[in-house]
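Take a look at the structure set out below.
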Amino acid sequence: MKKRALLKWILRTLARKTIQKYEPLVIGITGSVGKTSTKTAIGVVLTHKFNTRFSQESHNNEFGFPLGIIASWSKKELKLVSKEEPGGVRRIRKVMFYATAIGRGVLSLLFGNKKRYPEQLVLEYGADKPGDIDYLLNIARPEIAVVSAIGKVPVHVEHYENPEAVAYEKGKLVSATKKGGKVILNYDDEYMHAMSSRTKNEVITFGTTEGAMMRFLNVKTSTNNLIPTGITFDLEYRGASTSVQLKGCLGSPHAYAAAAAAAVGVALNMKLAEIAEALKEYKAIRHRMEIKKGVEGSIIIDDSYNASPLSTRAALEAVKQLSAKRKIGVLGDMLEIGSYATKEHEVVGRHASDALKIIVTIGTEAHHIVEGAIKNGTPKENIKSVETIEEAENYLKNLIKEGDLVLIKASRAIGLERLVERLTLKEKH
């Protein structure tokens, strides 16, 4: 057995045994966009009332998933097993980390006190390819299943036959929900009805459309001297309503995450008022519509973590609603969407044309964004295409002025978080 396969087997076995010993209530989240924000919002809400464990990082594969069951880890520790972490000396640290994880898992199984283990685990189920959900379900089946959103053209669709196959894979979480559990579905997603037919358990829906059980309305951006500071909206559920304030984040995706969390909260007998109070502690996850102070008195909207057609349109719509002297967008490739790439990048270009004054593109597919923007009326002189992060940085540092708002978004592999770092104002300590 190869080392990687052996490690997977050990982690899976320890995680399964841990679930069997401590019997926590498992809340599972999947979807093509918004999984980590939804998981975090749920964790924030439930921690307000219960002993709950959740990770704010996107560790949702065959390695990160069992680690979250075995023990609680710091961000520094989890960074050692992230995909971005380089080799060399850190490879030794990674080996030491896994040795520690295995040791902690064994000790917990032998001597752990059930009262000290969390009552609830909020776990993220990732699926880059067919079969991934099955692997994770073999470790832990949820009592409550949450599907954030799939979208018309989901991320990773190039690894599947079609978008319906992606939805089918994600829907396995719904089918696997334990008898008597709850299923939380996005009422605005086109796959909601197909998902709901895959369970006999109670379904609670969330969204903006009339008919959603947990409905959010009147999403507004809070500002201070034209600088965005967060969003507010109203939540309605079975005749009750409350106002919600989320600080330091922008856009409807965060409202969707909060509404999904509220649906989980009411499923566990929490009241809307205490859910709204708990959500005051919710903060945007790194690189997901984060508001940052930029160079030259600009505002950076950092959405560089990943990009899909659905999330990119949502980001552009959020920017469109804001006031700024100029709105600039740095848009890169949306990867892993296969044969849909040309059309979807052109569509993004049209949306960008409506939302932005100046468009900067980067990536091999980005010329389709340019084509869409020009077709929609953006002057060619307001579009700049670059090939590297350094070229983008040099262009933007000469362009950005006080009062500008800059949206930065692309798939993870493009690496635009490095551009965010270079354009963000460094805080003085």
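Coordinate-derived values only; no laboratory data. Quantities reported herein were computed from a predicted structural model and do not represent experimental measurements. Quick reminder, even Gly has a Cβ in these numbers, built from the backbone with ideal geometry, and neighbours come from all protein chains shown.
With a cut-off of at most 16 other beta carbons within 10 Å, and DSSP calling the residue loop, which trypsin sites (Lys or Arg not before Pro) in region 254-318 qualify? Please list them. Filter output for region 254-318: 271, 286. Measure nothing but the geometry: give the 0 to 90° angle between the long axis through the Cα atoms of 163-175 and the longest principal axis through the Cα atoms of the chain, rounded to 10°. Its long axis makes an angle of about 30 degrees. Each of the peptides 30-37, 196-203 was scored by the mean count of other Cβ atoms within 10 Å over its residues; in descending order, highest first, they stand as 30-37, 196-203.
Each semi-axis of the equivalent ellipsoid for region 3-281 is √(5λ) with λ an eigenvalue of the Cα gyration tensor; in descending order they amount to 31, 21, 20 Å.
A Cβ-based charge dipole, computed about the Cα centre of the chain with Lys and Arg at +1 and Asp and Glu at -1, lands at about 1760 debye. Positive end of the dipole of the chain (Cβ unit charges, origin at the Cα centre): among 237, 13, 309, the Cα lying farthest that way belongs to 13.
Mean-square fluctuations from a GNM of the chain, with a 10 angstrom spring cutoff on Cα atoms, peak among 236, 371, 387 at 387.
Over 31 Å apart at the Cα level, from the set 79/200; 39/409; 79/426, are 79/200.
Applying a DSSP loop filter and a limit of 15 other Cβ atoms within 10 Å to the chymotrypsin sites (Phe, Trp or Tyr not before Pro) in region 1-75 leaves 50. Estimated from helical segments only, the mean residue ellipticity of the chain at 222 nm is -12000 deg cm²/dmol, where each DSSP H run of four or more residues counts as -39500 (n - 2.57). Taken about its Cα centre, region 294-415 carries a charge dipole of about 460 debye when Lys and Arg each add +1 at the Cβ and Asp and Glu each add -1 at the Cβ. For residue 385 and residue 165, the FRET efficiency from 1/(1 + (r/R0)^6), where r spans their Cβ atoms and R0 equals 35 Å, is about 0.55.
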